[in-house]
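See below for the structure under consideration.
The values are calculated or read from the model by the stated rules, or taken from the named source; none is laboratory data. These figures come from a predicted structure and were not determined experimentally. Note: ideal-geometry Cβ built from the backbone for every residue, glycine included; neighbour counts use all protein chains shown. Just the protein is used for accessible areas: all its heavy atoms, side chains included, with ligands, DNA and RNA removed. Shrake-Rupley method; radii C 1.70, N 1.55, O 1.52, S 1.80 Å.
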Amino acid sequence: MRTQVGIVGAGPAGLMLSHLLHLRGIESIILECRGRQYIEERVRAGVLEQGTVDLMIETGVGERLQREGLRHDGVWFSFGGRRHRINMAELTGGRAITVYAQHEVVKDLVQARLAAGGQIVFEVDDLSVHDLDSPLPKIRYRKDGVAHELVCDFIAGCDGFHGVSRSSVPAGVIAAYERVYPFAWLGILAEAAPTSEELVYTYHQRGFALFSMRSPGVTRLYLQCTPDEDLSAWPDDRVWEELCARMRTEDGWAPAAGPVIQKGVTGMRSFVIEPMQFGRLFLAGDAAHIVPPTGAKGLNLAISDVRVLARALEAFYQSGRHDLLDQYSTKCLRRVWKVQRFSWWMTSMLHLFPGDDGFDHRRQLAELDYITSSRAGMAALAENYAGLPLD
Ligand code: FAD
Ligand code: DHB
(Lines give C-alpha, C1' and ligand atoms only; values in the text may rest on other atoms or scores of the structure.)
(Ligands and ions follow the chains in the order given, each with its own letter.)
Protein backbone atom coordinates (compact mmCIF):
# COMPACT_ATOMS: atom_id res chain seq x y z
CA MET A 1 0.00 0.00 0.00
CA ARG A 2 1.12 3.55 -0.72
CA THR A 3 0.03 6.96 0.55
CA GLN A 4 1.47 10.45 0.81
CA VAL A 5 1.14 10.88 4.58
CA GLY A 6 0.76 7.88 6.90
CA ILE A 7 -0.85 8.95 10.16
CA VAL A 8 -0.51 6.87 13.34
CA GLY A 9 -3.43 7.48 15.72
CA ALA A 10 -7.03 8.68 15.32
CA GLY A 11 -7.11 11.13 18.23
CA PRO A 12 -7.83 14.82 17.65
CA ALA A 13 -4.32 15.37 16.19
CA GLY A 14 -4.39 12.53 13.63
CA LEU A 15 -7.97 13.14 12.55
CA MET A 16 -7.61 16.91 12.19
CA LEU A 17 -4.35 16.48 10.27
CA SER A 18 -5.99 14.07 7.83
CA HIS A 19 -8.91 16.50 7.40
CA LEU A 20 -6.64 19.52 6.77
CA LEU A 21 -4.51 17.53 4.30
CA HIS A 22 -7.62 16.40 2.42
CA LEU A 23 -8.72 20.04 2.04
CA ARG A 24 -5.29 20.72 0.47
CA GLY A 25 -5.54 17.77 -1.93
CA ILE A 26 -3.01 15.63 -0.01
CA GLU A 27 -3.78 11.96 0.54
CA SER A 28 -3.40 10.27 3.93
CA ILE A 29 -4.30 7.02 5.68
CA ILE A 30 -4.91 6.86 9.45
CA LEU A 31 -4.00 3.71 11.39
CA GLU A 32 -5.63 3.37 14.82
CA CYS A 33 -5.20 0.56 17.34
CA ARG A 34 -8.65 1.04 18.93
CA GLY A 35 -12.13 0.58 17.46
CA ARG A 36 -14.33 3.42 16.18
CA GLN A 37 -16.80 3.16 19.06
CA TYR A 38 -14.01 3.25 21.65
CA ILE A 39 -12.46 6.49 20.37
CA GLU A 40 -15.87 8.08 19.92
CA GLU A 41 -16.80 7.40 23.56
CA ARG A 42 -13.47 8.03 25.33
CA VAL A 43 -14.15 10.71 27.98
CA ARG A 44 -11.37 13.31 28.11
CA ALA A 45 -11.08 17.06 27.74
CA GLY A 46 -13.95 19.45 27.16
CA VAL A 47 -12.73 23.00 26.61
CA LEU A 48 -11.96 24.40 23.15
CA GLU A 49 -9.95 27.58 22.69
CA GLN A 50 -11.17 30.25 20.29
CA GLY A 51 -8.57 29.23 17.68
CA THR A 52 -9.69 25.58 17.74
CA VAL A 53 -13.33 26.61 17.36
CA ASP A 54 -12.50 28.97 14.49
CA LEU A 55 -10.48 26.27 12.70
CA MET A 56 -13.30 23.73 13.00
CA ILE A 57 -15.84 26.19 11.62
CA GLU A 58 -13.57 27.45 8.81
CA THR A 59 -12.81 23.90 7.67
CA GLY A 60 -16.42 22.72 7.62
CA VAL A 61 -16.51 20.50 10.74
CA GLY A 62 -18.05 23.03 13.12
CA GLU A 63 -21.74 22.66 12.35
CA ARG A 64 -22.67 20.57 15.42
CA LEU A 65 -20.15 22.47 17.54
CA GLN A 66 -21.95 25.74 16.70
CA ARG A 67 -25.29 24.16 17.55
CA GLU A 68 -24.39 22.24 20.71
CA GLY A 69 -21.19 23.89 22.03
CA LEU A 70 -21.54 26.18 25.04
CA ARG A 71 -19.71 29.47 24.50
CA HIS A 72 -18.35 31.01 27.73
CA ASP A 73 -17.29 34.63 27.76
CA GLY A 74 -16.03 34.38 31.34
CA VAL A 75 -14.44 32.06 33.88
CA TRP A 76 -14.62 32.04 37.71
CA PHE A 77 -11.92 31.63 40.34
CA SER A 78 -13.09 30.75 43.85
CA PHE A 79 -11.00 31.17 47.02
CA GLY A 80 -11.60 32.27 50.59
CA GLY A 81 -15.28 31.34 50.17
CA ARG A 82 -15.91 33.81 47.33
CA ARG A 83 -16.16 33.55 43.53
CA HIS A 84 -14.52 36.12 41.25
CA ARG A 85 -15.36 36.38 37.54
CA ILE A 86 -12.85 37.16 34.81
CA ASN A 87 -14.53 38.55 31.72
CA MET A 88 -12.40 36.92 29.04
CA ALA A 89 -14.27 38.26 26.05
CA GLU A 90 -14.09 41.85 27.25
CA LEU A 91 -10.37 41.57 28.07
CA THR A 92 -9.35 39.87 24.81
CA GLY A 93 -11.42 41.68 22.19
CA GLY A 94 -14.10 39.01 21.95
CA ARG A 95 -12.17 35.75 22.40
CA ALA A 96 -13.90 33.05 24.46
CA ILE A 97 -13.81 29.34 25.19
CA THR A 98 -16.39 26.78 24.10
CA VAL A 99 -17.34 23.71 26.12
CA TYR A 100 -17.67 20.79 23.70
CA ALA A 101 -16.42 17.33 24.66
CA GLN A 102 -13.30 15.95 23.01
CA HIS A 103 -15.14 12.80 21.93
CA GLU A 104 -17.68 14.95 20.10
CA VAL A 105 -14.79 16.60 18.20
CA VAL A 106 -13.53 13.09 17.40
CA LYS A 107 -17.00 12.00 16.19
CA ASP A 108 -17.32 15.05 13.92
CA LEU A 109 -13.86 14.52 12.42
CA VAL A 110 -14.34 10.76 11.87
CA GLN A 111 -17.64 11.42 10.15
CA ALA A 112 -16.14 14.15 7.93
CA ARG A 113 -13.18 11.94 6.91
CA LEU A 114 -15.35 8.92 6.10
CA ALA A 115 -17.92 11.04 4.22
CA ALA A 116 -15.09 12.43 2.05
CA GLY A 117 -13.83 8.91 1.27
CA GLY A 118 -10.94 9.15 3.74
CA GLN A 119 -9.34 5.96 5.03
CA ILE A 120 -9.19 5.18 8.74
CA VAL A 121 -8.06 1.65 9.52
CA PHE A 122 -9.32 0.77 13.02
CA GLU A 123 -8.11 -2.02 15.32
CA VAL A 124 -4.62 -2.43 13.89
CA ASP A 125 -2.07 -4.45 15.92
CA ASP A 126 1.72 -4.55 16.24
CA LEU A 127 2.24 -1.22 14.48
CA SER A 128 5.85 -0.14 13.92
CA VAL A 129 7.54 2.65 11.91
CA HIS A 130 10.68 2.15 9.76
CA ASP A 131 13.23 3.93 7.54
CA LEU A 132 12.37 7.28 9.09
CA ASP A 133 15.42 9.04 7.67
CA SER A 134 14.89 7.70 4.13
CA PRO A 135 12.72 9.30 1.40
CA LEU A 136 10.20 6.44 1.75
CA PRO A 137 9.43 5.70 5.40
CA LYS A 138 7.17 2.72 6.12
CA ILE A 139 4.53 1.69 8.64
CA ARG A 140 4.08 -2.02 9.30
CA TYR A 141 1.05 -3.37 11.12
CA ARG A 142 -1.36 -6.28 11.34
CA LYS A 143 -5.07 -6.12 10.68
CA ASP A 144 -7.24 -9.20 11.39
CA GLY A 145 -4.05 -11.23 11.70
CA VAL A 146 -2.72 -10.21 8.25
CA ALA A 147 0.56 -8.26 7.96
CA HIS A 148 0.57 -5.00 5.95
CA GLU A 149 3.15 -2.41 4.93
CA LEU A 150 2.20 1.19 4.17
CA VAL A 151 4.86 3.08 2.19
CA CYS A 152 4.64 6.85 2.73
CA ASP A 153 6.34 10.13 1.79
CA PHE A 154 5.96 11.23 5.42
CA ILE A 155 4.76 9.76 8.72
CA ALA A 156 2.84 11.78 11.31
CA GLY A 157 3.17 10.28 14.79
CA CYS A 158 -0.15 11.30 16.38
CA ASP A 159 -0.34 8.27 18.67
CA GLY A 160 -0.45 10.01 22.05
CA PHE A 161 1.88 9.80 25.02
CA HIS A 162 2.03 5.97 25.10
CA GLY A 163 2.33 5.52 21.32
CA VAL A 164 5.21 3.88 19.45
CA SER A 165 6.28 6.73 17.13
CA ARG A 166 8.29 8.75 19.63
CA SER A 167 10.18 5.72 20.95
CA SER A 168 11.15 4.71 17.39
CA VAL A 169 13.45 7.72 17.05
CA PRO A 170 17.10 6.63 17.56
CA ALA A 171 18.52 7.26 21.04
CA GLY A 172 20.26 10.59 21.50
CA VAL A 173 18.25 12.50 18.87
CA ILE A 174 15.49 13.71 21.17
CA ALA A 175 15.76 15.44 24.54
CA ALA A 176 12.85 15.18 26.99
CA TYR A 177 11.92 17.76 29.64
CA GLU A 178 9.53 16.63 32.35
CA ARG A 179 7.74 17.43 35.63
CA VAL A 180 5.55 14.88 37.38
CA TYR A 181 3.17 16.37 39.94
CA PRO A 182 2.54 14.79 43.36
CA PHE A 183 -1.26 14.72 42.84
CA ALA A 184 -3.93 13.74 40.32
CA TRP A 185 -7.56 14.60 39.47
CA LEU A 186 -10.52 12.45 40.33
CA GLY A 187 -13.13 13.36 37.70
CA ILE A 188 -16.83 12.55 37.44
CA LEU A 189 -19.58 13.12 34.90
CA ALA A 190 -22.99 13.48 36.54
CA GLU A 191 -26.55 13.78 35.32
CA ALA A 192 -27.17 17.08 37.07
CA ALA A 193 -28.00 20.49 35.66
CA PRO A 194 -24.95 22.80 35.97
CA THR A 195 -25.48 25.38 38.74
CA SER A 196 -23.07 27.84 37.09
CA GLU A 197 -23.14 28.83 33.43
CA GLU A 198 -19.34 29.13 33.43
CA LEU A 199 -16.42 27.09 34.79
CA VAL A 200 -15.31 27.57 38.41
CA TYR A 201 -11.70 26.84 39.45
CA THR A 202 -11.59 26.49 43.27
CA TYR A 203 -8.59 26.85 45.60
CA HIS A 204 -9.30 25.33 49.03
CA GLN A 205 -7.30 24.06 52.02
CA ARG A 206 -8.71 20.57 51.32
CA GLY A 207 -7.35 20.74 47.76
CA PHE A 208 -8.22 21.99 44.29
CA ALA A 209 -11.67 21.44 42.76
CA LEU A 210 -13.09 22.29 39.33
CA PHE A 211 -16.66 22.78 38.22
CA SER A 212 -17.32 22.24 34.53
CA MET A 213 -20.12 20.89 32.37
CA ARG A 214 -20.92 19.09 29.12
CA SER A 215 -24.52 20.10 28.36
CA PRO A 216 -27.54 21.72 30.05
CA GLY A 217 -28.14 18.37 31.85
CA VAL A 218 -24.60 17.10 32.53
CA THR A 219 -22.05 18.45 35.02
CA ARG A 220 -18.30 17.58 34.88
CA LEU A 221 -16.43 17.88 38.18
CA TYR A 222 -12.88 17.25 39.32
CA LEU A 223 -11.09 17.19 42.68
CA GLN A 224 -7.42 16.99 43.55
CA CYS A 225 -6.48 13.54 44.89
CA THR A 226 -3.33 11.45 45.30
CA PRO A 227 -1.68 10.01 42.16
CA ASP A 228 -2.38 6.42 43.26
CA GLU A 229 -5.92 7.13 44.46
CA ASP A 230 -8.05 4.00 44.80
CA LEU A 231 -11.42 4.68 43.15
CA SER A 232 -13.13 2.07 45.31
CA ALA A 233 -12.46 4.35 48.30
CA TRP A 234 -14.60 7.01 46.58
CA PRO A 235 -18.26 5.96 46.56
CA ASP A 236 -20.48 8.63 44.99
CA ASP A 237 -21.62 10.03 48.37
CA ARG A 238 -18.05 10.70 49.43
CA VAL A 239 -17.25 12.40 46.10
CA TRP A 240 -20.25 14.76 46.46
CA GLU A 241 -19.43 15.51 50.09
CA GLU A 242 -15.84 16.38 49.22
CA LEU A 243 -16.80 18.42 46.16
CA CYS A 244 -19.29 20.46 48.18
CA ALA A 245 -16.87 20.93 51.09
CA ARG A 246 -14.33 22.44 48.69
CA MET A 247 -16.65 24.34 46.36
CA ARG A 248 -19.46 25.74 48.52
CA THR A 249 -19.13 29.53 48.75
CA GLU A 250 -20.34 32.00 51.40
CA ASP A 251 -23.34 32.93 49.24
CA GLY A 252 -24.43 29.26 49.27
CA TRP A 253 -23.35 28.35 45.72
CA ALA A 254 -22.45 24.66 45.25
CA PRO A 255 -22.78 22.05 42.51
CA ALA A 256 -26.06 20.14 42.33
CA ALA A 257 -25.69 16.38 42.85
CA GLY A 258 -27.08 13.73 40.48
CA PRO A 259 -26.40 10.18 39.27
CA VAL A 260 -22.68 9.68 38.50
CA ILE A 261 -22.27 8.27 34.97
CA GLN A 262 -18.47 8.15 34.75
CA LYS A 263 -15.60 8.28 37.25
CA GLY A 264 -11.83 8.20 36.69
CA VAL A 265 -8.42 9.40 37.84
CA THR A 266 -6.14 11.47 35.56
CA GLY A 267 -2.42 11.75 36.34
CA MET A 268 -0.65 15.09 35.99
CA ARG A 269 2.59 15.71 34.17
CA SER A 270 4.36 18.30 32.06
CA PHE A 271 6.45 16.75 29.27
CA VAL A 272 8.06 18.14 26.12
CA ILE A 273 10.43 16.59 23.59
CA GLU A 274 12.83 18.56 21.44
CA PRO A 275 12.89 18.37 18.49
CA MET A 276 9.44 17.14 17.49
CA GLN A 277 10.73 15.62 14.24
CA PHE A 278 13.31 13.17 12.91
CA GLY A 279 13.88 12.61 9.19
CA ARG A 280 10.43 12.15 7.69
CA LEU A 281 8.68 11.48 11.02
CA PHE A 282 6.76 14.41 12.53
CA LEU A 283 5.36 14.06 16.05
CA ALA A 284 2.23 16.00 17.01
CA GLY A 285 -0.04 16.37 20.03
CA ASP A 286 0.43 14.19 23.12
CA ALA A 287 3.08 12.12 21.29
CA ALA A 288 5.34 15.17 21.60
CA HIS A 289 4.10 16.91 24.76
CA ILE A 290 1.78 16.58 27.74
CA VAL A 291 0.38 19.38 29.86
CA PRO A 292 -1.30 19.02 33.25
CA PRO A 293 -5.07 19.46 32.69
CA THR A 294 -5.37 22.72 34.69
CA GLY A 295 -5.99 25.20 31.89
CA ALA A 296 -7.51 22.64 29.49
CA LYS A 297 -4.81 22.92 26.85
CA GLY A 298 -3.91 19.35 25.74
CA LEU A 299 -6.44 19.00 22.95
CA ASN A 300 -5.92 22.58 21.77
CA LEU A 301 -2.17 22.13 21.54
CA ALA A 302 -2.64 18.97 19.47
CA ILE A 303 -4.78 20.95 17.02
CA SER A 304 -2.29 23.82 16.74
CA ASP A 305 0.59 21.39 15.97
CA VAL A 306 -1.22 19.74 13.07
CA ARG A 307 -2.24 23.08 11.64
CA VAL A 308 1.47 23.95 11.38
CA LEU A 309 2.26 20.52 9.91
CA ALA A 310 -0.52 20.67 7.31
CA ARG A 311 0.75 24.03 6.06
CA ALA A 312 4.32 22.75 5.84
CA LEU A 313 3.23 19.64 3.91
CA GLU A 314 1.14 21.80 1.59
CA ALA A 315 4.21 23.95 0.79
CA PHE A 316 6.21 20.78 0.07
CA TYR A 317 3.65 19.27 -2.29
CA GLN A 318 2.81 22.55 -4.03
CA SER A 319 6.31 23.86 -4.66
CA GLY A 320 8.83 21.34 -3.35
CA ARG A 321 9.71 23.66 -0.44
CA HIS A 322 11.39 21.98 2.52
CA ASP A 323 11.87 25.03 4.71
CA LEU A 324 8.52 24.91 6.49
CA LEU A 325 8.96 21.20 7.21
CA ASP A 326 12.45 21.91 8.55
CA GLN A 327 11.01 24.61 10.82
CA TYR A 328 8.06 22.50 12.04
CA SER A 329 9.47 21.70 15.45
CA THR A 330 10.85 25.20 16.12
CA LYS A 331 7.55 26.80 15.20
CA CYS A 332 5.46 24.41 17.32
CA LEU A 333 7.77 24.56 20.33
CA ARG A 334 7.43 28.33 20.67
CA ARG A 335 3.74 27.85 21.35
CA VAL A 336 4.17 24.57 23.26
CA TRP A 337 6.47 26.18 25.84
CA LYS A 338 4.15 29.16 26.37
CA VAL A 339 1.28 26.78 26.94
CA GLN A 340 3.44 24.61 29.21
CA ARG A 341 4.27 27.67 31.24
CA PHE A 342 0.60 28.62 31.58
CA SER A 343 -0.52 25.08 32.50
CA TRP A 344 2.29 24.72 35.06
CA TRP A 345 1.47 28.15 36.52
CA MET A 346 -2.26 27.42 36.83
CA THR A 347 -1.43 24.05 38.41
CA SER A 348 1.03 25.61 40.89
CA MET A 349 -1.35 28.41 41.84
CA LEU A 350 -4.38 26.20 42.48
CA HIS A 351 -3.15 22.93 44.04
CA LEU A 352 -1.89 21.96 47.48
CA PHE A 353 1.64 20.53 47.33
CA PRO A 354 2.91 18.14 50.02
CA GLY A 355 5.03 20.12 52.48
CA ASP A 356 3.37 23.46 51.71
CA ASP A 357 3.24 25.74 54.74
CA GLY A 358 1.57 29.00 55.70
CA PHE A 359 3.93 30.97 53.48
CA ASP A 360 2.95 28.98 50.38
CA HIS A 361 -0.74 29.24 51.22
CA ARG A 362 -0.58 33.03 51.58
CA ARG A 363 1.49 33.38 48.39
CA GLN A 364 -1.13 31.39 46.45
CA LEU A 365 -3.96 33.51 47.86
CA ALA A 366 -2.07 36.70 46.97
CA GLU A 367 -1.61 35.45 43.41
CA LEU A 368 -5.31 34.61 43.11
CA ASP A 369 -6.19 38.02 44.52
CA TYR A 370 -3.90 39.66 41.94
CA ILE A 371 -5.24 37.81 38.91
CA THR A 372 -8.85 38.51 39.89
CA SER A 373 -8.45 42.19 40.82
CA SER A 374 -5.73 43.73 38.65
CA ARG A 375 -6.76 44.44 35.05
CA ALA A 376 -3.28 43.44 33.86
CA GLY A 377 -3.46 40.19 35.87
CA MET A 378 -6.91 39.37 34.54
CA ALA A 379 -5.89 40.22 30.97
CA ALA A 380 -2.84 37.92 31.10
CA LEU A 381 -4.98 35.07 32.37
CA ALA A 382 -7.76 35.72 29.84
CA GLU A 383 -5.36 35.90 26.88
CA ASN A 384 -3.77 32.55 27.74
CA TYR A 385 -6.98 30.80 28.78
CA ALA A 386 -8.97 31.78 25.68
CA GLY A 387 -5.89 30.76 23.69
CA LEU A 388 -2.93 32.57 22.23
CA PRO A 389 -3.44 33.37 18.55
CA LEU A 390 -2.49 30.45 16.29
CA ASP A 391 0.04 32.47 14.23
P1 FAD B 1 -4.73 11.05 21.76
O2 FAD B 1 -6.06 11.65 21.92
O3 FAD B 1 -4.14 10.29 22.88
O4 FAD B 1 -4.80 10.11 20.47
C5 FAD B 1 -3.81 9.17 20.16
C6 FAD B 1 -4.44 8.03 19.40
O7 FAD B 1 -3.43 7.13 18.99
C8 FAD B 1 -5.42 7.25 20.25
O9 FAD B 1 -6.65 7.10 19.58
C10 FAD B 1 -4.72 5.93 20.49
O11 FAD B 1 -5.64 4.86 20.63
C12 FAD B 1 -3.87 5.81 19.24
N13 FAD B 1 -2.67 4.97 19.40
C14 FAD B 1 -1.84 4.89 20.45
N15 FAD B 1 -0.85 4.01 20.22
C16 FAD B 1 -1.08 3.51 18.99
C17 FAD B 1 -0.41 2.55 18.20
N18 FAD B 1 0.69 1.92 18.66
N19 FAD B 1 -0.90 2.24 16.98
C20 FAD B 1 -2.02 2.88 16.52
N21 FAD B 1 -2.70 3.81 17.23
C22 FAD B 1 -2.23 4.12 18.44
N23 FAD B 1 -6.79 17.57 28.40
C24 FAD B 1 -7.43 18.62 28.85
O25 FAD B 1 -7.15 19.70 28.34
N26 FAD B 1 -8.38 18.52 29.83
C27 FAD B 1 -8.71 17.30 30.39
O28 FAD B 1 -9.57 17.21 31.26
C29 FAD B 1 -8.05 16.17 29.94
N30 FAD B 1 -8.35 14.95 30.44
C31 FAD B 1 -7.65 13.87 29.99
C32 FAD B 1 -7.91 12.62 30.52
C33 FAD B 1 -7.19 11.49 30.08
C34 FAD B 1 -7.48 10.13 30.71
C35 FAD B 1 -6.18 11.65 29.10
C36 FAD B 1 -5.38 10.45 28.64
C37 FAD B 1 -5.95 12.91 28.56
C38 FAD B 1 -6.66 14.03 28.99
N39 FAD B 1 -6.43 15.29 28.46
C40 FAD B 1 -7.09 16.36 28.91
C41 FAD B 1 -5.50 15.53 27.40
C42 FAD B 1 -6.15 15.55 26.02
O43 FAD B 1 -7.22 14.65 26.01
C44 FAD B 1 -5.06 15.20 25.02
O45 FAD B 1 -4.12 16.26 25.04
C46 FAD B 1 -5.55 14.96 23.60
O47 FAD B 1 -6.28 13.75 23.54
C48 FAD B 1 -4.35 14.90 22.64
O49 FAD B 1 -4.76 14.44 21.39
P50 FAD B 1 -3.81 13.50 20.51
O51 FAD B 1 -4.55 13.27 19.26
O52 FAD B 1 -2.46 14.08 20.48
O53 FAD B 1 -3.66 12.15 21.36
C1 DHB C 1 -12.35 20.52 31.77
C2 DHB C 1 -11.11 19.98 31.88
C3 DHB C 1 -10.04 20.78 32.23
O4 DHB C 1 -8.81 20.26 32.32
C5 DHB C 1 -10.22 22.11 32.51
O6 DHB C 1 -9.18 22.87 32.90
C7 DHB C 1 -11.48 22.67 32.41
C8 DHB C 1 -12.54 21.85 32.04
C9 DHB C 1 -13.49 19.67 31.40
O10 DHB C 1 -13.29 18.46 31.23
O11 DHB C 1 -14.60 20.19 31.26
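How about region 277-353: which helices (runs of 4 or more DSSP H) wholly inside it have at least 1 residues that are touching a Leu at 6+ places or on another chain (Cβ under 6 Å)?
Here the list reads 298-319, 328-350.
Can you confirm whether region 208-225 contains a residue that is open to solvent by 20 Å² or more (accessible area, probe 1.4 Å), part of a strand (DSSP E or B) and out of contact with any Gly (no Cβ under 9 Å at 6 or more places or on another chain)? The answer is yes; a qualifying residue exists. Taken over region 284-307, residues that are surrounded by 22 or more Cβ atoms within 10 Å (Cβ to Cβ) and closer than 24 Å to GLN4 by Cβ amount to 10. When residues in region 277-331 are screened for being within 16 Å of ligand 2 (Cβ to nearest atom) and farther than 15 Å from SER18 by Cβ, 14 of them pass. Residues that are away from ligand 2 (no atom under 16 Å from the Cβ) and either part of a loop (DSSP other than H, G, I, E, B) or buried (at least 21 other Cβ atoms within 10 Å of the Cβ) (or both) within region 40-56 comprise LEU55, MET56, listed in sequence order. Restricting attention to region 245-276 and to residues that are touching a helix residue (DSSP H, G or I) at 6+ places or on another chain (Cβ under 9 Å), of a type outside the set (Gly, Ala, Ser) and outside any strand (DSSP E or B), the residue that is farthest from PRO235 (Cα to Cα) turns out to be PRO275. Criterion first (in contact with a strand residue (DSSP E or B) (Cβ under 6 Å, 6 or more places away or on another chain), within 15 Å of ligand 1 (Cβ to nearest atom) and either in contact (Cβ under 8 Å) with a residue 12 or more places away in the chain or not assigned by TED's automatic domain parsing to the domain that holds ALA302 (or both)) does ALA45 satisfy it? Here the answer is no, as ALA45 does not meet what is asked.
Residue count for region 334-352, restricted to those that are open to solvent by 50 Å² or more (accessible area, probe 1.4 Å) and within 14 Å of ligand 1 (Cβ to nearest atom): 1.
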